[in-house]
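S.K.: My structure is below; once you've seen it, I'll send some questions.
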Amino acid sequence: MSPQLEILLIACATAAACAIPGCFLVLRRLSLMSDAISHAILLGIVGGYLLAGRLDSPLLIIGAALTGVLTVGLTESLVQTRRVREDAAIGLVFPLLFSLAVILIARFADQVHLDTDAVLLGELAFAPFNRWQAGGLDLGPVSLWVMGGLLLLNLLLLFTFYKEAKLSTFDPALCAALGFSPLLLAYGLMSVVSLTSVGAFDAVGSILVVALMVAPPAAAQLLCERLEHMLAISVAIGCAAALSGFYLARLLDSSIAGSMAVMCGVLFLLAWLLAPQRGVLASLALRQQQRWDFAGRVLCIHLLQHEGTPEELSESAVQHMGEGLDWSPAFSSEALAHAQDAGLLVRRGDLLELTELGRETARETLGRA
Amino acid sequence: MGKRLADPAGPGGGGKAAPALEVEDLTVAYNEKPVLWDVDLSVPPGVLLAVVGPNGAGKTTLIRSVLGLLQPVAGKVRIFGRSLAEARQRVGYLPQRGSVDWDFPTTVLDTVMMGTYGQLGWLRRPGRREREAAMEALSRCNMADFAGRQISRLSGGQQQRVFLARALVQQADLYLMDEPFAAVDATTERAIVDVLRELRSQGRTLLVVHHDLETLNEYFDWVLLINVRRIALGPVSEVLTSENLRLTYGGRAAFLSVEGSRGAAADDPPAAPGGGIEA
Amino acid sequence: MNSLLAELLGDHTLRTVASGAALLGISSGALGCFAMLRRQSLLGDAISHAALPGVALAFMLTGSKEPLTLLLGAALSGWLGTLLVTRIVRGSRVKLDAALGLVLSVFFGAGLVLLTIIQSRPDARQAGLDKFLFGNASTLLSSDIRAMALLALLALLALLLLWPRLKLLSFDPDFAASLGLPVRWLDLAISTLIVIAIVMGLQTVGVVLMSAMLVAPAAAARQWTDRLASMVLLAGAFGALAGISGALLSARIERLPTGPAIVVIVSLIVFFSLLFAPNRGMVFAWLRSRGQRRQLGQATVLISLLQLAQQHSDPFHPHQLIVPGSLSRQPRRQAAQLVRDGLLEALPDGLYRLTASGLSEARRLSRELLPGEQP
């Protein structure tokens, strides 16, 4: 495999592995837990390093995953005191844990390669250099195995506990009443978030972890109406952001993780603009259509009221149409065009005449009012 | 249906049937202030019971403690003579509509199927049987046409009917419903009442938190008046006296209480048509 | 302590760092109160990350490392980020937390892209831009302090001018709107002030820790007071205290970075306040609730005896102690205390009887604790 292909595979595996727990975080309104956890795990890594004395010990991973869960536990217990709200509690806990980590590094681990830049920013370009060798055999980059494994784990958990995860996210009270444990499920989710962040931050940095956990699910939320679809679309958007981000980075000769985060934002914006029914453009179009629909109804009523009266000739003349209704000439001519297209009225020379549909529309509108 | 129907003997029928719900000495406190004080209840099977009281009277707290969703300071709850853990599958719950995020990406049918999750337990997935049960519950609530729709694109009344359908598929013998009539349109109110009566006529027991004293007599056959303490429990016609209402609502509701008791006296006796107390 | 002060006054670098940290603490503490009351505590996290591309762009466009220029760039892009968050929340079904996460990570990503582009340019002058990422208080210069002081002064002055309106807005936005206050503009104004406070702090504590400077002093101050004015003052003071002591400590202790030191100190202030603040503090609340529980236990005994006696239609009818629940954990001990207080009379065979004062006390408690009137 070429290094480039390896990077792309790692990025896609990371994107997919992050999108799955990310959907549940977004739906539970805990998106920023991803930010908190992905920063706080630095403390676990430093602690693991200080205990083990080397950088490749599994203690680092274990410590990191535990700090992730610790972050959640501390935040929850702060909220339980009812003296600070959830958002403030998050904002209190993770900077403290991160600060402690930075201080520990500065005091005890200054000489090793364990700097905050690497954690925050990550460097995907280096991922292919760290390879898994077994008996002289090159098995590929370690990150690929880690992220692939995490992706499989997340998929497995998703398929096994889909029903429970969905219920506890949507309606925790019913979940408890039916005999499940929402608390257990919440901590399960947070452990998955923590583990995924630990695996991913090494390859892509914590900022991209946040981007991959929040942006694709938020975009998918705008595009679909079922949780299954939201999960699938999130994974697809995450992978698309990863792939396009990689090429953007090559184009600009810039940070890969940064470019992927930017593409996450671009894809979200696209989804927001173009989403069917609820997108910005769709609602603008809907508003336009409602406007012309309304104008058409007003026209119909106007014509109906003057049908068969002495003023009919003057009132139904195309030129005078707007005057009686106080419309600008441009607006009335466009309104006429739309009404004709809708089959509400027909034009005979200079005069307008209601169609049967137009009469019905007018009567229906009047009856409703 | 009918695999776990309640004792057909009904209230007072055999005399030996365990009460659908028995609460003893239930006391719940938040911040050392009592919300429920030494509440004793015994609800016979097969009644349609309204839980009535002012705001903060502990109605929702009562339901949540029966379901084990919060920890009481003291008290015992028995459901059909068993503990909650043993009887959980016989209990259905309809939470307040405002308790969930209706933007959640799920369809009406999927939401209703959630009611079957309790019978499925951990790990087992809903299949065709659950889907059919959900569809049937939806048709009983006149919501079958909306099965594929996302829940945010429903009116408030339709959302409430979805919750009702979800409670139906729980196939419970004892239902605890938290304000199903809150802010719904007249059609929905009618539909809910019909379903409640149908359930009651099948011998099921329903505890329904209710706010409207005027419809109490028409919709329900029993009433629990509660305000931190249990004020009164029994058939609507017996319990809905102006004295009891004054005790429940305090002096403030003097006007209400007179109206309420007059209504009760006029429609006397056994309130609801179709009577659940006939057996 | 004297030597510390002398050191602070004598050492120019230390003085610069400490005054920077103090300025940052005051302004972020004061403005953080509004963020917290409006449930936007994590807005600071998003804004500080969103400021990065502004710093990079300002440098790319002007080629200058003048602090005011860079801070202006930071403020503009932080402000843009805030605006975007508001738009996303109002214009779609994406909730606040996701919108914050989105803006935070995407803007920061864009900042990284720009920084790497700058770094690859054959231009040696870009060094030092990354201090905006992680903060490096020891590199603060007098010119930085002047820029910070100017911004802090402007922000606090604006706060003073808008005070009555902002106060109303924080407590009851709907009411404020009904009074005809321009709620949207005030919203924007307060966001702008928060943005200013944040960009001021970036050089000192960095992107990640800046959110703590906004949240922590406010959260600590909230425990000590219920009044907005004193909360704002107190938060400013806590912020300054943490800033100065953090700067001093990191100067004294080798290899103790300033930003993290400040954050640890401000967190300690929070935990101290959570525990020991009068009224809201947990220790006092615990003591109080213990007292309340004892009182409630005694009340339970009295009310129960009243209710039991009334079943015999004689309020003074003696009765055995039957008390519901465990609101009264040791009914016998509480009864003994009540006997000592002259409210109960102990009779043989474990019977108790209310005294006259006990009866009126029982009636009072029953009215107070149990709504509705007694039968």
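S.K.: Which residues, counting only those in region B:23-48, are more than 8 Å from chain C (Cβ to nearest Cβ), open to solvent by 30 Å² or more (accessible area, probe 1.4 Å) and under 16 Å from B:LEU225 (Cβ atoms)?
M.R.: B:ASP40, B:SER42
S.K.: Tell me which of these A:GLY140 doesn't satisfy, since it passes every other one: (1) outside any helix (DSSP H, G or I); (2) crowded, with 20+ Cβ neighbours inside 10 Å.
M.R.: (2)
S.K.: From the list A:LEU157, A:LEU120, A:LEU92, exactly one residue is within 14 Å of chain C (Cβ to nearest Cβ) and modelled with pLDDT of 90 or more. Which is it?
M.R.: On the way: A:LEU157 fails: within 14 Å of chain C (Cβ to nearest Cβ); A:LEU120 fails: modelled with pLDDT of 90 or more.
After applying the criteria, what remains is A:LEU92.
S.K.: Moving on. Is there any pair with a first residue in region B:111-130 that is within 8 Å of another protein chain (Cβ to nearest Cβ) and a second that is part of a loop (DSSP other than H, G, I, E, B) and open to solvent by 10 Å² or more (accessible area, probe 1.4 Å) whose Cβ atoms are under 7 Å apart and which are 6 or more apart or on different chains, and what are they?
M.R.: Qualifying pairs under 7 Å: B:TYR117/A:LEU178; B:GLY118/A:LEU178; B:GLY118/A:GLY179; B:LEU120/B:PRO126.
S.K.: Filter region B:218-239 down to the residues that are open to solvent by less than 30 Å² (accessible area, probe 1.4 Å) and without any contact (Cβ under 8 Å) to a residue 40 or more places away in the chain and list them by number.
M.R.: B:ALA232, B:GLY234, B:VAL239, listed by residue number.
S.K.: Of the residues that make up region C:320-329, is at least one open to solvent by 20 Å² or more (accessible area, probe 1.4 Å) and more than 14 Å from chain B (Cβ to nearest Cβ)?
M.R.: Looking through region C:320-329, at least one residue is open to solvent by 20 Å² or more (accessible area, probe 1.4 Å) and more than 14 Å from chain B (Cβ to nearest Cβ).
S.K.: Which residue out of A:CYS224, A:CYS300, A:CYS239 is under 28 Å from A:ALA17 (Cβ atoms) and in contact (Cβ under 8 Å) with a residue 24 or more places away in the chain?
M.R.: Working: A:CYS224 fails: in contact (Cβ under 8 Å) with a residue 24 or more places away in the chain; A:CYS300 fails: under 28 Å from A:ALA17 (Cβ atoms).
From the options A:CYS224, A:CYS300, A:CYS239, the qualifying one is A:CYS239.
S.K.: Report the residue count in region C:182-216 for those that are more than 11 Å from every other protein chain (Cβ to nearest Cβ), over 12 Å from C:PHE34 (Cβ atoms) and not hydrophobic (A, V, I, L, M, F, W, C).
M.R.: Qualifying residue count, region C:182-216: 5.
S.K.: Among C:MET231, C:MET210, which is within 15 Å of C:PRO260 (Cα to Cα), under 16 Å from the mean Cα position of the chain (by Cα) and in contact (Cβ under 8 Å) with a residue 24 or more places away in the chain? Give the steps one after another, and end with the answer.
M.R.: Numbers: C:MET231 fails: within 15 Å of C:PRO260 (Cα to Cα).
Within the list C:MET231, C:MET210, the selection yields C:MET210.
S.K.: Would you be able to say whether some residue in region A:182-205 is more than 28 Å from B:ARG64 (Cα to Cα), open to solvent by 40 Å² or more (accessible area, probe 1.4 Å) and not in a helix (DSSP H, G or I)?
M.R.: Initially, region A:182-205 is screened for residues more than 28 Å from B:ARG64 (Cα to Cα), giving A:191-205.
Checking which are open to solvent by 40 Å² or more (accessible area, probe 1.4 Å) leaves us with A:191, A:195, A:202.
Pick out the ones that are also not in a helix (DSSP H, G or I) and you get none.
There is no residue in region A:182-205 that is more than 28 Å from B:ARG64 (Cα to Cα), open to solvent by 40 Å² or more (accessible area, probe 1.4 Å) and not in a helix (DSSP H, G or I).
S.K.: What helices (runs of 4 or more DSSP H) lie completely within region A:252-326 and have 2 or more residues being more than 28 Å from C:ARG90 (Cβ to Cβ), within 13 Å of chain C (Cβ to nearest Cβ) and aliphatic (A, V, I, L, M)?
M.R.: Numbers: elements: A:256-274, A:280-306, A:312-315, A:321-325.
Passing ranges, in order: A:256-274.
S.K.: If you check C:GLY54, C:GLY109, which single one turns out to be at pLDDT 90 or above and either in contact with a Cys (Cβ under 8 Å, 6 or more places away or on another chain) or open to solvent by 60 Å² or more (accessible area, probe 1.4 Å) (or both)? Walk me through how you get there before you give the answer.
M.R.: Working: C:GLY54 fails: either in contact with a Cys (Cβ under 8 Å, 6 or more places away or on another chain) or open to solvent by 60 Å² or more (accessible area, probe 1.4 Å) (or both).
After applying the criteria, what remains is C:GLY109.
S.K.: State whether the residues of region B:110-117 include one that is assigned to a helix (DSSP H, G or I) and over 23 Å from A:HIS229 (Cα atoms).
M.R.: There is no residue in region B:110-117 that is assigned to a helix (DSSP H, G or I) and over 23 Å from A:HIS229 (Cα atoms).
S.K.: Separate question: Go over the candidates C:ALA247, C:ALA261, C:ALA220 one by one and state the one that is free of Cβ contacts under 8 Å to residues at least 60 places away in the same chain, open to solvent by less than 10 Å² (accessible area, probe 1.4 Å), more than 9 Å from chain A (Cβ to nearest Cβ) and under 29 Å from C:ALA74 (Cα atoms).
M.R.: C:ALA220 is the lone residue from the list that is free of Cβ contacts under 8 Å to residues at least 60 places away in the same chain, open to solvent by less than 10 Å² (accessible area, probe 1.4 Å), more than 9 Å from chain A (Cβ to nearest Cβ) and under 29 Å from C:ALA74 (Cα atoms).
S.K.: Looking at C:ASP144, C:ASP172, can you tell me which residue is among the acidic types (Asp, Glu) and free of Cβ contacts under 8 Å to residues at least 60 places away in the same chain?
M.R.: Values: C:ASP144 fails: free of Cβ contacts under 8 Å to residues at least 60 places away in the same chain.
Matching residue, one of C:ASP144, C:ASP172: C:ASP172.
Condition check ((1) assigned by TED's automatic domain parsing to the domain that holds C:SER230; (2) in a helix (DSSP H, G or I); (3) open to solvent by 60 Å² or more (accessible area, probe 1.4 Å)) across all residues:
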residue	(1), (2), (3)
C:MET60	yes, yes, no
C:ALA74	yes, yes, no
C:TRP79	yes, yes, yes
C:ARG93	yes, no, no
C:LEU104	yes, yes, no
C:THR116	yes, yes, no
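S.K.: Going through region A:98-117 one residue at a time, which ones are in a helix (DSSP H, G or I) and modelled with pLDDT under 80? Write out each step before concluding.
M.R.: In the first step, residues of region A:98-117 are kept if they are in a helix (DSSP H, G or I); the result is A:98-108, A:116-117.
Scanning region A:98-117 gives A:THR116, A:ASP117.
S.K.: Looking at (1) outside any loop (DSSP other than H, G, I, E, B); (2) outside the structural domain of A:ARG28 (by TED's automatic domain parsing), which is the only condition A:GLU225 fails?
M.R.: Just one mismatch for A:GLU225, condition (1).
S.K.: Looking at B:ASP101, is it in a loop (DSSP other than H, G, I, E, B), open to solvent by 10 Å² or more (accessible area, probe 1.4 Å) and within 14 Å of chain C (Cβ to nearest Cβ)? So that I can check it myself, show each step before the final result.
M.R.: On the way: in a loop (DSSP other than H, G, I, E, B): yes; open to solvent by 10 Å² or more (accessible area, probe 1.4 Å): yes; within 14 Å of chain C (Cβ to nearest Cβ): yes.
Judged against the criteria, B:ASP101 is a match.
S.K.: With respect to A:LEU78, is the statement that it is surrounded by fewer than 24 Cβ atoms within 10 Å (Cβ to Cβ), in contact (Cβ under 8 Å) with a residue 12 or more places away in the chain and part of a helix (DSSP H, G or I) true? Full working, then the answer.
M.R.: Numbers: surrounded by fewer than 24 Cβ atoms within 10 Å (Cβ to Cβ): yes; in contact (Cβ under 8 Å) with a residue 12 or more places away in the chain: yes; part of a helix (DSSP H, G or I): yes.
For A:LEU78, the condition - surrounded by fewer than 24 Cβ atoms within 10 Å (Cβ to Cβ), in contact (Cβ under 8 Å) with a residue 12 or more places away in the chain and part of a helix (DSSP H, G or I) - is met.
S.K.: Just the residues that are more than 15 Å from the chain's Cα centre (by Cα) and touching a residue at least 40 places away in the same chain (Cβ under 8 Å), please, taken from region B:203-217. Steps first, answer last, please.
M.R.: We begin by selecting, within region B:203-217, every residue more than 15 Å from the chain's Cα centre (by Cα); these are B:213-215, B:217.
Across region B:203-217, the qualifying residues are B:LEU213, B:GLU214, B:ASN217.
S.K.: A:SER38 versus (1) crowded, with 20+ Cβ neighbours inside 10 Å; (2) modelled with pLDDT of 90 or more: which is the lone unmet condition?
M.R.: All conditions pass for A:SER38, except number (2).
The values are calculated or read from the model by the stated rules, or taken from the named source; none is laboratory data. From a predicted model like this one, the values you see are computed outputs, not experimental measurements. As a convention, Cβ positions derive from the backbone with ideal geometry for all residues, glycine included, and neighbour counts pool all protein chains shown. Ligands, DNA and RNA are excluded from the accessible area calculation, which covers all protein heavy atoms including side chains. Shrake-Rupley method; radii C 1.70, N 1.55, O 1.52, S 1.80 Å.
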